[in-house]
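The values are calculated or read from the model by the stated rules, or taken from the named source; none is laboratory data. Predicted, not measured: the structure shown is a model, and the values here were computed from it. Here the Cβ is made from the backbone with ideal geometry for all residues, glycine too, and neighbour counts use every protein chain on show.
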Amino acid sequence: MRAPLGFHKWVGANLRMFLRDRATLVWAILFPIIFMGLLGLGFGRADPVSFHVGMMDDDQSGWSTALWTVFANKSLPFQITNYTVRDSGLSAVKAGTLDILVIVPQGFGAFMDNQTSPTGDKNGTLALIAYWGFDERGSGQVALQSVREVSDAFFRAATNSSTTLGVAPEAVNAQSLDYIDFLAPGITAMAIMQSGVYGLALFIVSSREKRILKRLHATPAGAAYILAGRIVPALLISLVQLCLLLSLAVFAFGVHIVGNILVLIVAALFGAFVFISLGFFVSSVSRNADSAENLTGLVTFPMFFLGGVFIPIERLPQAVQILAYM
């Protein structure tokens, strides 16, 4: 079938209509570019592997200080935190903020003196104590292996021998946070935001265009009655969203919820109230449904990234982090 002779004009007319529709142009072209750019900033460059290592020196000798200096070498994949109380370090391992806690026991200096002295007793034994976090990520176990390699290298260099320095490992059940643990509250907040801003703003503007609001004002019900009639259902819907999404996250994907559930509910209701207020603001400055939709996108889109919904704020460039915390 041959195309009509004026087909190219029809294509050109549709293309011009597309280019004149600013909203479609933004969401079809500009939005994907910005989205990919922000994702690239957050995940484009892989961070070097590093382990959070706690160090506790019970010996306070020159040899223990030398060992600490080796672990603190910037060329090694260790972020060192010093501890003076064992329980504090163990709590950090259990909380997942430390991958491993290394304790240099008393007598380490005397042991090293014997091992390095020609007349010293080489039959003595001593081991570093290592509490490593046992979780699904496996970072604690990898950190333990790295600690063994570094301590062995230190011992061989000091004694000029092929023997190794003992490490006594002890696994500690650690709280593990996967990406879904990070993503679940962000998606829940996004759903509450969409319901509060998009749903409310478009409903009010649409009702105003259809003169529904004017008819309601003509009834004995006052403005406060009408306002409360929109806010209360929106808050109830936010609670339903919170329950459904978190239930799915917990029972289907094994998301860990730590803390007070009541505080979580109060925070969700407060967030819903803030987004509802934004929805009222957008509806008050929008002339029609199209402008309300565009303005709502302008308000909510930055929150996807500045609010840490998909990307941890700590992974964004420093300038963007400052803007996010503002």
Check your understanding: Got a sec? Which of F203, F182, F111 is in a helix (DSSP H, G or I) and not assigned by TED's automatic domain parsing to the domain that holds G229?
Key -> F111
**Study point:** Yes/no for L269 being more than 19 Å from A184 (Cα to Cα), over 15 Å from the mean Cα position of the chain (by Cα) and assigned to a helix (DSSP H, G or I)
**Key:** no
Exercise for review: Determine, yes or no, whether F280 is closer than 20 Å to I187 by Cβ and in a helix (DSSP H, G or I).
Suggested key: no
Review point. Scanning the stretch 200-249 for residues that are under 22 Å from T296 (Cα atoms), touching a helix residue (DSSP H, G or I) at 6+ places or on another chain (Cβ under 7 Å) and touching a residue at least 60 places away in the same chain (Cβ under 8 Å), which turns out surrounded by the fewest Cβ atoms within 10 Å (Cβ to Cβ)?
Key: E209
Practice item. Report yes if M36 is touching a strand residue (DSSP E or B) at 6+ places or on another chain (Cβ under 7 Å), outside the structural domain of F301 (by TED's automatic domain parsing) and modelled with pLDDT of 65 or more, otherwise no. Key: no
Exercise for review: Mind listing whichever residues of the stretch 70-121 are crowded, with 20+ Cβ neighbours inside 10 Å, β-branched (V, I, T) and either within 20 Å of S162 (Cα to Cα) or within 29 Å of the chain's Cα centre (by Cα) (or both)?
Suggested key: V93, I100, V102
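Condition check ((1) within 29 Å of C243 (Cβ to Cβ); (2) buried (at least 18 other Cβ atoms within 10 Å of the Cβ)) across all residues:
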site: G124; (1), (2): no, no
site: Q141; (1), (2): no, no
site: V147; (1), (2): no, yes
site: S151; (1), (2): no, yes
site: A157; (1), (2): no, no
site: T188; (1), (2): yes, yes
site: Y198; (1), (2): yes, yes
Study note, to complete from the structure: A careful count of residues in the stretch 50-64 that are of a type outside the set (G, A, S) and either loosely packed, with under 14 Cβ neighbours inside 10 Å or in a loop (DSSP other than H, G, I, E, B) (or both) gives 3
